[in-house]
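Asks: Submitted below is the structure of interest, expressed as structure tokens.
The values are calculated or read from the model by the stated rules, or taken from the named source; none is laboratory data. Owing to the predicted nature of the structure, the values given are computational and were not obtained by experimental measurement. When we count neighbours, we look across all protein chains shown, and the Cβ atoms used for this are built from the backbone with ideal geometry, even at glycine.
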Number of protein chains: 2
Amino acid sequence: MSHQGCVVWLTGLPGSGKTTIARALEAELRTEGVPVEVLDGDEIRAALSPELGFSPADRELHNRRVIFLAKLLSRNGVVAIVSLISPYRAVRDAAREELGRFVEVWVKCSIEECIRRDPKGHYRRALSGQNAQMTGVQAPYEPPERAELVADTEQWSVERCVAEICGVVAASGYLPPRGLAPRGLAQ
Amino acid sequence: MSHQGCVVWLTGLPGSGKTTIARALEAELRTEGVPVEVLDGDEIRAALSPELGFSPADRELHNRRVIFLAKLLSRNGVVAIVSLISPYRAVRDAAREELGRFVEVWVKCSIEECIRRDPKGHYRRALSGQNAQMTGVQAPYEPPERAELVADTEQWSVERCVAEICGVVAASGYLPPRGLAPRGLAQ
């Protein structure tokens, strides 16, 4: 298997659009025949880390588990799309260091807009005092300083985010050049 | 990627030879160009589950994490070689159910011989009272009833174990037929 994998690491506030972009990117790459797996923070928490909470130590352990999974997959030729708040810069930098073939995407959205969207009701609960460790409310989010791409979901459509990510991943040498074999065009 | 993965699940007492067989099988498959990954119970414990002990509940959670990893890898075309005591029949049966493409290998060795080998000193510590949850001493090991192969490491060499496993995996349709393209023979 000559295909080499990589990790596309989507970081951002809850409600910024990470999961939506991850699933759309997964669908696009699958259509192109690229082996791909989404590592969604919430799903992996439920499957692997039901005992963990949201303290800094627990978040770090959870994120380290995700890094471990991403490493196993990417070194076996899979594009591992990580969708994870990953609020701490140090953890993201450790992921970059350990994973090597790494593309960090800051899924950027203002806290006001995230609160307006609130797809899972987490902000509502946090703002009414039922969750005291919510990223963006009580817990910090450290904005990326080294991201290969900033995907501003208040400005860009999901389609544009996916296309921009594919472009960066290809430019990094982890996907074939884009547009050489356009699908859907008659030859 | 047309290649389909599978899981080779090595179960047996501590000291029965699981890790040795796993590494030899990995080397053989890698030589053949098959994507392969060893999921070693001890290593995964250290990486993912440093907080877990050896109570029945902790063992089960650890084993479930290994199943999750094996699933991610095998559905992406990798032969995942699991090397795990996995003493409980119910957990192994759950793994078989969830993983689908599954070959259970009982790495069989008498407790007397395992105690004699004792590569990590676990038996010595358990027998001197420093470890009260040792499989085969205080904790149960439930012998497989559905294993696709019994590899008796008191009778078979490592080479023979690897060859027999490859045969069973191929016969299950998860590897190409053996011996059709012998390596090292002039054409």
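Asks: So B:E28 clears everything in (1) in contact with a helix residue (DSSP H, G or I) (Cβ under 8 Å, 6 or more places away or on another chain); (2) of a type in the set (D, E); (3) more than 26 Å from B:Q155 (Cα to Cα) except one condition, right? Which one?
Replies: (3)
Asks: Evaluate the following for B:T153: is it modelled with pLDDT of 95 or more, buried (at least 17 other Cβ atoms within 10 Å of the Cβ) and among the hydroxyl-bearing types (S, T, Y)? Quick ask: steps written out before the conclusion?
Replies: Numbers: modelled with pLDDT of 95 or more: yes; buried (at least 17 other Cβ atoms within 10 Å of the Cβ): yes; among the hydroxyl-bearing types (S, T, Y): yes.
Spelling it out, B:T153 is indeed modelled with pLDDT of 95 or more, buried (at least 17 other Cβ atoms within 10 Å of the Cβ) and among the hydroxyl-bearing types (S, T, Y).
Condition check ((1) within 14 Å of chain B (Cβ to nearest Cβ); (2) out of contact with any strand residue (DSSP E or B) (no Cβ under 9 Å at 6 or more places or on another chain); (3) not charged (D, E, K, R)) across all residues:
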{"site": "A:A46", "(1), (2), (3)": "yes, yes, yes"}
{"site": "A:L61", "(1), (2), (3)": "yes, yes, yes"}
{"site": "A:R65", "(1), (2), (3)": "yes, yes, no"}
{"site": "A:V78", "(1), (2), (3)": "yes, no, yes"}
{"site": "A:E98", "(1), (2), (3)": "yes, yes, no"}
{"site": "A:C114", "(1), (2), (3)": "no, yes, yes"}
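Asks: Keeping to region A:1-44, report how many residues are part of a helix (DSSP H, G or I), closer than 28 Å to A:I115 by Cα and within 14 Å of chain B (Cβ to nearest Cβ). Step through it out loud before you land on a result.
Replies: Initially, region A:1-44 is screened for residues part of a helix (DSSP H, G or I), giving A:18-31, A:41-44.
Among the residues that remain, those that are also closer than 28 Å to A:I115 by Cα are: A:18-27, A:41-44.
Now narrow it down to the ones that are within 14 Å of chain B (Cβ to nearest Cβ): A:26, A:43-44.
The number of residues fulfilling the criteria is 3.
Asks: Here is a further query. Taking region B:80-95, which residues are assigned to a strand (DSSP E or B) and either surrounded by fewer than 20 Cβ atoms within 10 Å (Cβ to Cβ) or within 10 Å of another protein chain (Cβ to nearest Cβ) (or both)? Spell out the reasoning first.
Replies: In the first step, residues of region B:80-95 are kept if they are assigned to a strand (DSSP E or B); the result is B:80-83.
Passing the criteria: only B:A80.
Asks: Something else: Inside region A:48-59, can you point out the residues that are more than 10 Å from every other protein chain (Cβ to nearest Cβ) and either surrounded by 14 or more Cβ atoms within 10 Å (Cβ to Cβ) or touching a residue at least 12 places away in the same chain (Cβ under 8 Å) (or both)? Please lay out each step first, then the result.
Replies: Taking region A:48-59 as the starting set, the residues that turn out to be more than 10 Å from every other protein chain (Cβ to nearest Cβ) are A:53-59.
Residues satisfying the conditions are A:G53, A:F54, A:S55, A:P56, A:D58, A:R59.
Let's see how each residue does on (1) touching a residue at least 24 places away in the same chain (Cβ under 8 Å); (2) over 29 Å from A:G173 (Cβ atoms):
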{"residue": "A:V8", "(1), (2)": "yes, no"}
{"residue": "A:G12", "(1), (2)": "yes, no"}
{"residue": "A:K18", "(1), (2)": "yes, no"}
{"residue": "A:I21", "(1), (2)": "yes, no"}
{"residue": "A:L25", "(1), (2)": "yes, no"}
{"residue": "A:R30", "(1), (2)": "no, no"}
{"residue": "A:G33", "(1), (2)": "no, no"}
{"residue": "A:L39", "(1), (2)": "yes, no"}
{"residue": "A:L61", "(1), (2)": "no, yes"}
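Asks: Given the criteria aliphatic (A, V, I, L, M) and either at pLDDT 95 or above or under 19 Å from B:A94 (Cβ atoms) (or both), does B:V7 qualify? Explain how you work it out, then say what you get.
Replies: Details: aliphatic (A, V, I, L, M): yes; either at pLDDT 95 or above or under 19 Å from B:A94 (Cβ atoms) (or both): yes.
Criteria met by B:V7.
Asks: Is there a residue in region B:21-29 that is closer than 22 Å to B:A151 by Cβ and either at pLDDT below 95 or in contact with a Pro (Cβ under 9 Å, 6 or more places away or on another chain) (or both)? Even if it seems obvious, please write down each step before you answer.
Replies: Step one: of region B:21-29, the residues closer than 22 Å to B:A151 by Cβ are B:21-29.
Narrowing the set further to residues that are either at pLDDT below 95 or in contact with a Pro (Cβ under 9 Å, 6 or more places away or on another chain) (or both) leaves B:29.
Scanning region B:21-29, I find at least one residue that is closer than 22 Å to B:A151 by Cβ and either at pLDDT below 95 or in contact with a Pro (Cβ under 9 Å, 6 or more places away or on another chain) (or both), so the answer is yes.
Asks: All but one of (1) over 19 Å from the mean Cα position of the chain (by Cα); (2) in contact (Cβ under 8 Å) with a residue 40 or more places away in the chain; (3) not in a loop (DSSP other than H, G, I, E, B) hold for B:Q133; state the number of the condition that does not hold.
Replies: In the conditions (1) over 19 Å from the mean Cα position of the chain (by Cα); (2) in contact (Cβ under 8 Å) with a residue 40 or more places away in the chain; (3) not in a loop (DSSP other than H, G, I, E, B), B:Q133 misses (3) alone.
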